Amino acid sequence: MKAAVLVRQNSALELYDVEVPKLEVGQVLVSVEYSGICGKQIDEITGRQGDDKHIPHLLGHEGGGEVVEIGPGVTKVKPGDRVVMHWVKGSGIDSRPPRFSYRGQVLSAGWVTTFSDYTIASENRLTPMQADAPGDALALLGCAVTTGLGIVFHNARLLPGQSIAVFGVGGVGLNVVQGADLVNAYPIVALDRSDAKLEFARRFGATHTVNVDKVEPRAALAELSAEQGFDAVVDTTGINTVREIAYQWTRQKAGITILCGVPFAADRLSIDSFPLHMGRRIIGSHGGDTVPDIDIPRYFELYRLGKLRLDELITNRFRLSEINEAVDALRTGQICGRCLIEMEA
Ligand SMILES: [Zn+2]
């Protein structure tokens, strides 16, 4: 199989022909059609959370494709099944991660990796889908869409008419906006540094947008919430000062701050914790608490009904051979919606 390998932090991924080992218990060989690329992979490449003991390793945690072969014990999927590959655990066997090799050393890989034309995934990282499901839409259901919607439905439990503010409208943030729109939240405030991204967020339901480089975000949030704070404030940036502002502008007695962005390893939050005694909450979201086996088919049905916009999210497509261009485009903020990696036949 052809795979993009992280051989060094802060350097280009290397395309390498990896030998596919014999499948072990609970492992599934999947032909990857599309992979998403998200901030988490950029963080792994740039070492946002410090040294990486697993290098060299494979990357990517959301994909769409088709099952080729199943290992011993696998019952959830069979060869020919269309599948979503996701990093959140679902039902099924939690297999050992596959053991690949790279130039005579161990090539690490998680229970699912998707920057490759084939991959070995653990049974519980796969959700079987209907036969005609398009691979690009499936790839979106592996992380960004499920995390964004899960933050609204599972973490915030946002009700019609409640307010929400979202810092960062990249892949996850856009889907927080889209989820808030699905439940008729109001207002839905998007904050970002890019006018283009903010404009794009309006298409998915943002009712107000704030460019934080032009407008002081605290003042904007004070005005838009009539000094009350928001029922939910979501941070997708992981930037410390942003996380503190998000907490500060969460509604006093019943609001929730949801942290989703990956923090820098050395950062520590400084917040006034007293409001937590009065009912305000702050949590870190784990993939929107998505339950893959239930949520992914449910979201796909919403897509099929035309209520969930997935095709419109895809603004950029790169081939696997262009993976480093995709990484650069995402890292430098050039991607408005979602970027997909297409595997060559
Ligand atoms: Zn992701």
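The values are calculated or read from the model by the stated rules, or taken from the named source; none is laboratory data. Since this is a predicted model, take the numbers as computed values, not measurements. All Cβ positions, even for glycine, are placed from backbone atoms using ideal geometry, and neighbour counts span all protein chains on display. Just the protein is used for accessible areas: all its heavy atoms, side chains included, with ligands, DNA and RNA removed. Shrake-Rupley method; radii C 1.70, N 1.55, O 1.52, S 1.80 Å.
For Trp111, the solvent-accessible surface computed with a 1.4 Å probe is close to 100 Å², ligands and nucleic acids excluded. Counting heavy atoms of the protein chains alone, Ser108 has an accessible area of about 30 Å² for a 1.4 Å probe. Cross-link partners of Lys2 among lysines, defined as those whose alpha carbon lies under 22 angstrom from its own and excluding same-chain residues fewer than eight positions apart: Lys22, Lys40.
Quick one: helix 171-182 against the long Cα principal axis of the chain, what's the angle to the nearest 10°, folded into 0 to 90? Approximately 60 degrees, to the nearest 10. Taking the 1.4 Å solvent-accessible surface of the chain as the whole, the part contributed by carbon and sulfur is 50%. Fully extending the segment from Gln228 to Glu312, taken as 0.36 nm per residue of separation minus the present Cα-Cα distance, adds 26.9 nm. Take Tyr16: with every protein chain present and a 1.4 Å probe, its accessible area is about 50 Å².
Between Leu276 and Arg203, the FRET efficiency estimated from the beta carbon spacing at R0 = 25 angstrom works out to 0.10. Remark: segment 203-345 carries 50 Å² of accessible area per residue (probe radius 1.4 Å; ligands, DNA and RNA excluded).
Once the Cα atoms are used to define both axes, helix 292-304 deviates from the longest principal axis of the chain by about 80 degrees.
Think of each Lys and Arg Cβ as +1 and each Asp and Glu Cβ as -1; about the Cα centre, that makes the dipole of the chain roughly 660 debye. Taking all Cα-Cα distances within segment 23-78, those exceeding 13 Å account for 69%. So which trypsin sites (Lys or Arg not before Pro) in segment 204-279 end up in coil per DSSP with only 14 or fewer other C-beta atoms within 10 Å? Sparse-neighbourhood loop trypsin sites (Lys or Arg not before Pro): Lys214, Lys253, Arg268. Over the chain, DSSP H runs of length four or greater, each weighted -39,500 (n - 2.57), average out per residue to a 222 nm ellipticity of -6500 deg cm²/dmol. As a rough guide to protection, the peptides 155-166, 322-333 ranked by mean Cβ packing within 10 Å, highest first, stand as 155-166, 322-333.
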